[in-house]
Amino acid sequence: MESAPIIPAILRICDTRSRSYSTWSKLSSLPSPRECLSDLMVACCYGQSAIINILLANGADIEAKDGHGRTPLIFAATNGHEASVKLLLKGGAYIEAKDTKYSRTPLLKAATYGRDATIKLLLDKGAYIEAKDTKYSRTPLLKAVMKRRTTTVKLPLQRGADIEAKDRSHYATIELLLEEGADTSCIDTDTGTPLVFAIEKGNDALIKLLLDKGASVDCENGNGETTLLVAVQRVHKGIVELLLNKGATIECQNRYRETPLLVAAQRGHHDIVELLLKKESAIECKNRYGQIPSLAAVDREYDAIVELLLENGAAIECRNAYRKTPLLVAAQRGHDGIVKQLLKKGASVQSEDIFGQTALLCAEQNGYKDIVNVLRTNAT
């Protein structure tokens, strides 16, 4: 491509003012001239070393920037043109140049696109290994991890890059990071530890890997929710079972003092409720508002969960902060099936809440005639 006879043609293509460039840019991925591209930038986009030499020899501005603040070196690094990068650095190009949008350096751009040879060259020339973009504060290592480029990840690691990064889910990449000594308990303010992140994604293999590498089974996310609570919320029954078998605290609580059993009952996760009961979770656990699993299930009309909780010893006359029993709640909500279910289990029709209301009175006030009839029949 760079033999002497065609160099003039390539020079014309690189001239952003020429018709050749205008035609070529429509057929390729080259940006349009309005972005302030220089001839040197275009040559760097395509790795035309001979053209770069000519342009530099004729005084081309090596630090010129396009409309997005990208220098020729950023273009060359982005496209992985190692020889072009080498020429530019030899010519004095600033290795830590940043674009204007997210402050991405040549190394960050090369890591994003997996340009391994260019990454190695830039690191050899002293590029800052912990440079961060301004959008997500991601380093070259994190860029490589996010793109799931396992081979690229090795390059920053070999140069001592910070491995305490949290935003990662690719199994092979994380395995590599753990082999390099990454801390399994490092915490991110949003996602928590790598284990919590893996649970949120439902990645069984990664969860097992992290646990085998010593991750704390009771670690928390940024909201103070443990792995078990996160798994219950995401309805990952298999993961819930795995965590329990690994010793997760079954009575852990979130900031509302809700246990996994209460969360599962509130959300109607029957299989998880059943699993937690088999593991002997406390059935009368209360949150800070006095809500308990059976009352939560009644309130949301989860008949099967109500039955399951009652079969496992839930108190039929338990009360919430307003001293409402399950029967009172069911009557007030109009859940006639649950009303009948509770009456068969011996629920008291005479129980009153703090306002002196009975189930019958609640049903009458809300116009639930069928429930009124059932309650009157059972009141005699």
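Have a look at Arg267, Arg288, Arg257 and point out the one that is touching a helix residue (DSSP H, G or I) at 6+ places or on another chain (Cβ under 9 Å), surrounded by fewer than 20 Cβ atoms within 10 Å (Cβ to Cβ) and among the charged types (D, E, K, R). Write out each step before concluding.
Values: Arg288 fails: touching a helix residue (DSSP H, G or I) at 6+ places or on another chain (Cβ under 9 Å); Arg257 fails: touching a helix residue (DSSP H, G or I) at 6+ places or on another chain (Cβ under 9 Å).
Unique residue meeting the criteria: Arg267.
Within the range 108-125, work out how many residues are over 25 Å from the mean Cα position of the chain (by Cα), crowded, with 24+ Cβ neighbours inside 10 Å and not polar (S, T, N, Q). Even if it seems obvious, please write down each step before you answer.
Filtering the range 108-125 for residues over 25 Å from the mean Cα position of the chain (by Cα) gives 115-125.
Add one more test, that the residue is crowded, with 24+ Cβ neighbours inside 10 Å, and what stays is 115, 118-119, 122.
From the residues that got through so far, the ones that are not polar (S, T, N, Q) too are 115, 119, 122.
Qualifying residue count, the range 108-125: 3.
If you take the residues of the range 270-282 that are crowded, with 19+ Cβ neighbours inside 10 Å and modelled with pLDDT of 95 or more, which of them is nearest to Val329 (Cα to Cα)? Can you show your working first?
We begin by selecting, within the range 270-282, every residue crowded, with 19+ Cβ neighbours inside 10 Å; these are 272-273, 275-277, 281.
In the following step, the residues that additionally are modelled with pLDDT of 95 or more were identified as 272-273, 275-277.
Working: Ile272: 23, Val273: 21, Leu275: 26, Leu276: 24, Leu277: 23 Å.
Within the range 270-282, the match that is nearest to Val329 (Cα to Cα) is Val273.
Considering the range 107-143 alone, what residues qualify as being touching a residue at least 12 places away in the same chain (Cβ under 8 Å), out of contact with any Leu (no Cβ under 9 Å at 6 or more places or on another chain) and assigned to a helix (DSSP H, G or I)?
Within the range 107-143, Leu108, Lys109, Thr112, Ala117, Leu142 meet the criteria.
Kindly list the number of the only condition in (1) among the aromatic types (Phe, Trp, Tyr); (2) closer than 30 Å to Val374 by Cβ; (3) under 30 Å from the mean Cα position of the chain (by Cα) that fails for Tyr256.
It is condition (2) that Tyr256 fails.
If Glu251 satisfies every condition in (1) surrounded by fewer than 22 Cβ atoms within 10 Å (Cβ to Cβ); (2) under 23 Å from the mean Cα position of the chain (by Cα); (3) at pLDDT 95 or above but one, which is the exception?
So the condition that Glu251 fails would be (2).
Scanning for something more than 30 Å from Leu206 (Cα to Cα) and of a type in the set (Ser, Thr, Tyr), does the range 256-275 turn up at least one residue? Step through it out loud before you land on a result.
Of all residues in the range 256-275, those more than 30 Å from Leu206 (Cα to Cα) come to none.
No.
How many residues does the range 59-106 hold that are of a type in the set (A, V, I, L, M), within 18 Å of Cys36 (Cβ to Cβ) and in a loop (DSSP other than H, G, I, E, B)?
The total comes to 5.
So if I check each of Ala231, Ala165, which one is under 15 Å from the mean Cα position of the chain (by Cα) and at pLDDT 85 or above? Break it down into steps so the answer makes sense when it comes.
Numbers: Ala165 fails: at pLDDT 85 or above.
After ruling out the rest, the residue left standing is Ala231.
Please go through the range 76-107 and pick out each residue that is among the polar types (S, T, N, Q), closer than 16 Å to Arg138 by Cβ and crowded, with 23+ Cβ neighbours inside 10 Å.
Hit for the range 76-107 is Thr105, nothing else.
For the range 242-254, give me each residue that is assigned to a helix (DSSP H, G or I) and out of contact with any helix residue (DSSP H, G or I) (no Cβ under 9 Å at 6 or more places or on another chain).
Taking the range 242-254 as the starting set, the residues that turn out to be assigned to a helix (DSSP H, G or I) are 242-245.
Within the range 242-254, Asn245 is the sole residue that qualifies.
Please work out which residue is surrounded by the most Cβ atoms within 10 Å (Cβ to Cβ), limiting yourself to the range 211-229 and to residues that are in contact with an Asp or Glu (Cβ under 7 Å, 6 or more places away or on another chain) and not in a helix (DSSP H, G or I).
My answer is Thr226.
Checking the conditions here, which among Leu310, Leu295 is closer than 14 Å to Gln341 by Cα, in contact with a Lys or Arg (Cβ under 6 Å, 6 or more places away or on another chain), free of Cβ contacts under 8 Å to residues at least 60 places away in the same chain and buried (at least 18 other Cβ atoms within 10 Å of the Cβ)?
Numbers: Leu295 fails: in contact with a Lys or Arg (Cβ under 6 Å, 6 or more places away or on another chain).
Testing whether each residue is closer than 14 Å to Gln341 by Cα, in contact with a Lys or Arg (Cβ under 6 Å, 6 or more places away or on another chain), free of Cβ contacts under 8 Å to residues at least 60 places away in the same chain and buried (at least 18 other Cβ atoms within 10 Å of the Cβ) leaves just Leu310.
Taking the range 33-47 on its own, how many of its residues are in contact with a helix residue (DSSP H, G or I) (Cβ under 6 Å, 6 or more places away or on another chain) and not in a helix (DSSP H, G or I)? Can you show your working first?
Filtering the range 33-47 down to residues in contact with a helix residue (DSSP H, G or I) (Cβ under 6 Å, 6 or more places away or on another chain) leaves 39-45, 47.
Keeping just the survivors that are not in a helix (DSSP H, G or I) gives 47.
Qualifying residue count for the region: 1.
Scanning for something within 18 Å of Ala83 (Cα to Cα), of a type outside the set (A, V, I, L, M, F, W, C) and modelled with pLDDT of 85 or more, does the range 53-69 turn up at least one residue?
Checking the range 53-69: at least one residue is within 18 Å of Ala83 (Cα to Cα), of a type outside the set (A, V, I, L, M, F, W, C) and modelled with pLDDT of 85 or more.
State whether the residues of the range 182-193 include one that is at pLDDT 80 or above and part of a loop (DSSP other than H, G, I, E, B).
Going residue by residue through the range 182-193, those that are at pLDDT 80 or above are none.
No - not one qualifying residue is present in the range 182-193.
The values are calculated or read from the model by the stated rules, or taken from the named source; none is laboratory data. Note that this is a predicted model, so its numbers are computed, not measured. FYI the Cβ positions are ideal-geometry reconstructions off the backbone, even for glycines, and counts take in every protein chain you see.
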